[in-house]
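A.B. asks: The structure is given below, and queries will be raised subsequently.
The values are calculated or read from the model by the stated rules, or taken from the named source; none is laboratory data. Small disclaimer: the values here were computed from a predicted structure and weren't measured. Virtual Cβ from ideal backbone geometry, glycine too; neighbours counted across all protein chains shown.
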Amino acid sequence: MDINVIVKEAHSGVAYLVIILLLIASLNAIIALATKREFVERDRKIGLFALIFSHIQLLLGLILYFVSPLVVSLGSAMKDSTLRLYALEHPLVNIIAIVLITIGWSKHKKIADGNAKFKPFAIFYTLGLILILSRIPWAVWFA
């Protein structure tokens, strides 16, 4: 089996996990903030798993970016919306999303108050999730 196919399948599979974990982490944080629940170990693990899998997804995406025949020179990609999505929009927006998720993780560690630890997760993980959802090639996913 070709390395391109293996990495593409792994990238697609892990994407489902990332979306589910980010959705769980974001909803957990929003609900906890609304109910003024204290931050516990379970909450830290939810955020950590979302962070880890989003970074794994980033690594798979970067590998795929350099081995995929779909990624062509940016000059020719700018004329075709599908190629532009793969060559520029998808990678750039998802890198920004993962940076935001990482910032959310870092900020939560610096907060001492139990309930306030949810705020960075609620803000940054949710923004990251929205950005990721905005650049998924849905036509390919549901084909």
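A.B. asks: Looking only at the stretch 1-48, count how many residues are within 17 Å of residue 108 (Cα to Cα), touching a Phe, Trp or Tyr at 6+ places or on another chain (Cβ under 9 Å) and in contact (Cβ under 8 Å) with a residue 60 or more places away in the chain.
C.D. replies: 12
A.B. asks: Oh, and also: Select from the stretch 1-14 the residues that are assigned to a helix (DSSP H, G or I), among the hydrophobic types (A, V, I, L, M, F, W, C) and at pLDDT below 95 and list them in ascending order. It would help to see each step written out before you state the result.
C.D. replies: The first filter runs over the stretch 1-14 and keeps only residues assigned to a helix (DSSP H, G or I), leaving 3-14.
Imposing the further condition that a residue be among the hydrophobic types (A, V, I, L, M, F, W, C) reduces the set to 3, 5-7, 10, 14.
Hits for the stretch 1-14 are 3, 5, 6, 7, 10.
A.B. asks: Could you identify the single residue in 63, 132, 98 that is closer than 21 Å to residue 9 by Cβ, at pLDDT below 95 and either crowded, with 17+ Cβ neighbours inside 10 Å or touching a Ser or Thr at 6+ places or on another chain (Cβ under 6 Å) (or both)?
C.D. replies: One residue alone meets the criteria, 63.
A.B. asks: Ok, one more. Do we have residue 126 as β-branched (Val, Ile, Thr) and crowded, with 18+ Cβ neighbours inside 10 Å here?
C.D. replies: Yes: the conditions hold for residue 126.
A.B. asks: Report yes if residue 75 is more than 23 Å from the chain's Cα centre (by Cα) and either assigned to a helix (DSSP H, G or I) or modelled with pLDDT of 90 or more (or both), otherwise no.
C.D. replies: Numbers: more than 23 Å from the chain's Cα centre (by Cα): yes; either assigned to a helix (DSSP H, G or I) or modelled with pLDDT of 90 or more (or both): yes.
It is true that residue 75 is more than 23 Å from the chain's Cα centre (by Cα) and either assigned to a helix (DSSP H, G or I) or modelled with pLDDT of 90 or more (or both).
A.B. asks: How many residues, within the stretch 121-142, are assigned to a helix (DSSP H, G or I) and in contact (Cβ under 8 Å) with a residue 60 or more places away in the chain?
C.D. replies: 9
A.B. asks: Now for a separate question. Of the conditions (1) in contact with an Asp or Glu (Cβ under 7 Å, 6 or more places away or on another chain); (2) modelled with pLDDT under 95, residue 28 clears all except one; give me its number.
C.D. replies: Of (1) in contact with an Asp or Glu (Cβ under 7 Å, 6 or more places away or on another chain); (2) modelled with pLDDT under 95, only one is false for residue 28: (2).
A.B. asks: So in the stretch 37-66, with the set limited to residues that are among the basic types (Lys, Arg) and assigned to a helix (DSSP H, G or I), which one is farthest from residue 128 (Cα to Cα)?
C.D. replies: 42
A.B. asks: Look at residue 34 and say whether it is in contact with a helix residue (DSSP H, G or I) (Cβ under 6 Å, 6 or more places away or on another chain), modelled with pLDDT of 95 or more and assigned to a helix (DSSP H, G or I).
C.D. replies: Details: in contact with a helix residue (DSSP H, G or I) (Cβ under 6 Å, 6 or more places away or on another chain): no; modelled with pLDDT of 95 or more: yes; assigned to a helix (DSSP H, G or I): yes.
No.
A.B. asks: How many residues are assigned to a helix (DSSP H, G or I) and of a type outside the set (A, V, I, L, M, F, W, C) if we restrict to the stretch 101-120? I'd like the intermediate steps shown before the answer.
C.D. replies: Going residue by residue through the stretch 101-120, those that are assigned to a helix (DSSP H, G or I) are 101-109, 118-120.
Still in the list and also of a type outside the set (A, V, I, L, M, F, W, C): 102, 104, 106-109, 119-120.
Selection size over the stretch 101-120: 8.
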